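Inspection log for the structure reproduced underneath, given as structure tokens.
The values are calculated or read from the model by the stated rules, or taken from the named source; none is laboratory data. Everything numeric in this text was worked out from a predicted model, so none of it was measured. Cβ placement follows ideal geometry from the backbone for every residue including glycine, while neighbour counts extend to all protein chains displayed.
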Amino acid sequence: MRRKRGQMDGVVLALLLVLLVLAAAITVAGSKKFGWWLRPLASEHGAAIDRLFVTTLVITGVVFILVQLLLAFLVFRYRGEAGRRAVFYPDNPRLELAWTIVPAVILTMLILSGGRLWSRIQLSSPPPDAFVVEVWGQQFKWAIRYPGKDGKFGRVDMRLISGDNPLGIDTKDPASKDDIFFPAGEGELHVPVNKPVVVYLRSKDVIHSFYVPHFRVKQDAVPGMVTRVWFVPTRKGQFEIACAELCGQGHYTMRGILIVEDEAQVQEWLAQQSTVADLIP
Amino acid sequence: MAHEVHAQTEVHHEPQSFWTRYIFSQDAKIIGIQYLITAFVMGFVAMVLSWLMRLQLGFPGKTFPWLEKLLPHAAQGGILNQDFYLAAVTMHGTIMIFFFITAAGTGGFSNFLIPLQIGARDMAFPFLNMLSYWVYLAACIVLIASFFVPGGPAGGGWTMYPPLSSVKEALMGSGWGATLWLIALALFIASTTMGSLNYITTVLNLRTKGMTMGRLPLTVWALFITAILGLLSFPVLFAAAVMLLLDRHLGTSFFTPYLVVSDKHIPHEGGNPILWQHLFWFLAHPEVYIAILPSMGITSEVLSTHARKPIFGYKGMVAAIAAIALLSFLVWGHHMFVSGMNPWLGTAFMTTTLLIAVPSAIKTFNWLATLWGGNIRFTTAMLFAIGFISTFATGGLTGIFLGNPPVDIPLHDTYFVVAHFHFVMGVSAVFGLFAGVYHWFPKMFGRMMNERLGKLHFWLTFIGVYFIFFPMHYLGFLGVPRRYYAFDQYDFIPQALVHNINVVVSVAAFIVGAAQLLFVINFIWSLFKGPKADRNPWKANTLEWQAPSPPPHGNWGDELPVVYRWPYDYSVPGAPEDFIPQTVPTVPARRGDGGDGKGGQASQ
């Protein structure tokens, strides 16, 4: 009786593992259809990221199915019986070598393709004619600054930050005069479509992370330093910026708006905005 | 060599009073049990905190009048407030990782198993050992005390990234709560350092005659290497914690640059927040292996015993543990791909991170091969060990996404990460701990646990954790960020779908949490009413099963056991029974490879 119950445990466990594999396979295979897939892509480099993601999903998916089904088979097939003797099989160097080398080869392939893509996204410099903008994180909103007509940002100094000068822009620096800025929570981030966009990131208080799900973009904004991320938007429209690094009580509300439009429209819109010279005496 | 150094050949005088025997005990077995019970109590606190988080995430905006009665300051109007939500996130992670899993795995099982499995009478330094437990208890008390200070407990996440954690204006929990968090962690590190020194010294010096390193059970190998990892990595976090305390209270600027927090100027100078991340993860990545390795050792031992088979590829298993330990020091930067550190480092850390999957794969396939051809007894311990393999494989595979920096970009700090680490080092580590308690309970207390209740506990937990954590992968696909109090602010998050997933996850979390009460009931009931256990109820080979259940003070009576073989001579052809304890000297002829058992090959 006791032994029977023990045998049942093996059968049930095997069945559960098979169910797990089925449920995982169906939900992953149907994830696009069910609507729990990656957000619709809107950037150039994102296509390569998505491809590598799918490759990894296929490889790990096959291994997942293999391992869980093998486990199910083993607990089903070798569930105990009184009087039977297990096999004495302490090792098999050739077999162990096989499951050392095969994963090592697969992982090396992933390392190579990941490394190549990473160097394209992160190690390469943006082209010199890229559209440049600066985004500042502060609890719990985003501030924005454009370099203006001269294409250069004026100097900033956190000590100069005040009610009138929320980004601490040094008005003595001639490059600052034509800068265009929007205090935290005011204004949207306008960028041109099909053109490289460089975003320099700064923070006034704690670490934030500039996260645009549709662009496959995520980069921390760290106080005391400037970080950089660049991308090419491929779709016009309005997208959301979220914060992806815990930044305090209102972290979950730190929403920003990014608008992708034709370059002429962006320039036209920029020309209508007040500059530092207009706003800070 | 080392095993000839018998520092403890004399039998210790057994302490008589209740206080010296069970409370201020210097007996490693009692200290191990103290560690285990304290750690499980802490784990229970962390689980209740996860319930509160799941209540908010599964049922946002709903009012629960009872919640306000329970937590008048944290849930005005019956809704958990944002500050306490973040405190719950932080304390859940901190307690689960350090104060539960690490404490139970290293403190609990190292103390109980190392002396017994190597044939020693006790640890090398019994007084230091007692001190280690009491400092751990002090750390627990300081951490729990932070629930009762102004501003509440720390809320910056278990990673405590400055400046959020270094400036009290940045967050409610960054006042008193963060200070107590740092002190608790410093105490915890002092405790683990004392423990690690003890475990390393004991394994190297107090092995009984015949117990060569090549004949150590895999539990001892895992605990030994875990102790080395802890000794080398924890002190770095100690230094970092002290530096952060100095930034907070003495105006230094290690991690804190000039800041303006909600219009207030905070005049620090030149600190770098990323420095903390390097120091933190230099510990905290080895730490996840400190958490998982003891459970890997337990799983190996339990699988072999209950499949009635030698562990497959003993040497490969030891080499894999060593390789994991070595690589674990070189992968910390994979937590920082988008942190702003130099992206060239990303390439280096990607390589080491993906390579660490190789020894993990070796271990997984060796466990599977251990089951092949076995005669599996599905005890509760065995079910949890098999559950370990399943959840470890599930969580390990998702690490391949996150270790690859371009793929990490969309997934970083989303629920995909939450799913990944809960499977690979949360759930699987806890499954290992449960397997260990069910397996060694008879040795600890001389009574058997109730198998029927144990199995019910397993089935509910095993099915439940997949319902909790598997759907989180899809939240990750959708890009849903972690550590969010609510998701209603964003249009890119499909509201109805994400809400439905969150309801399923929350309900499963409540059920799994409640199922842990079965374990508590079983534990307490069996302690007093469980059937008496004999010396070796599982017919296992390792030394502890040769001692009485529970073993007396000094473990072995007058004579120390002598070891003649490796611990995995199960189902040896021609042997009268399907197990041969390590103390049995001669062996019936088999396969013509000498009379020393397989251990003759495994040892030098």
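Summary of computed values
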read-out: B:GLY157 vs. criteria within 22 Å of the chain's Cα centre (by Cα), more than 25 Å from B:ASP27 (Cα to Cα) and within 14 Å of another protein chain (Cβ to nearest Cβ); value: yes
read-out: Meets criteria (at pLDDT 95 or above and more than 22 Å from B:LEU237 (Cα to Cα)) for B:VAL41; value: yes
read-out: Residue check for B:ALA361: at pLDDT 95 or above, touching a helix residue (DSSP H, G or I) at 6+ places or on another chain (Cβ under 6 Å) and facing another protein chain (nearest Cβ under 7 Å); value: yes
read-out: Count of segment B:545-586 residues which are charged (D, E, K, R) and without any contact (Cβ under 8 Å) to a residue 40 or more places away in the chain; value: 2
read-out: Hits in segment B:251-295 (condition: more than 10 Å from chain A (Cβ to nearest Cβ) and either in a loop (DSSP other than H, G, I, E, B) or small (Gly, Ala, Ser) (or both)); value: B:GLY251, B:THR252, B:PHE254, B:ALA284, B:ALA291, B:SER295
read-out: Leading residue by the ranking (nearest to the chain's Cα centre (by Cα)) among those in segment A:104-118 that are more than 7 Å from chain B (Cβ to nearest Cβ) and more than 19 Å from B:THR398 (Cβ to Cβ); value: A:ARG116
read-out: Boolean, B:ALA322 is surrounded by fewer than 24 Cβ atoms within 10 Å (Cβ to Cβ) and out of contact with any Asp or Glu (no Cβ under 6 Å at 6 or more places or on another chain); value: yes
read-out: So A:LEU13, is it farther than 30 Å from B:PHE492 by Cβ and within 7 Å of another protein chain (Cβ to nearest Cβ); value: yes
read-out: Residue ID - nearest to the chain's Cα centre (by Cα), chosen from residues in segment A:125-145 that are closer than 16 Å to A:THR227 by Cβ and within 11 Å of chain B (Cβ to nearest Cβ); value: A:TRP136
read-out: Residue match in segment B:116-132 (condition: of a type in the set (Lys, Arg) and either touching a helix residue (DSSP H, G or I) at 6+ places or on another chain (Cβ under 6 Å) or buried (at least 24 other Cβ atoms within 10 Å of the Cβ) (or both)); value: yes
read-out: Failed item in (1) more than 26 Å from B:ILE31 (Cβ to Cβ); (2) outside any helix (DSSP H, G or I), with B:ARG121 passing the rest; value: (1)
read-out: Enumeration of residues in segment B:200-233 that are of a type in the set (A, V, I, L, M) and not in a helix (DSSP H, G or I); value: B:LEU206, B:MET211, B:LEU216
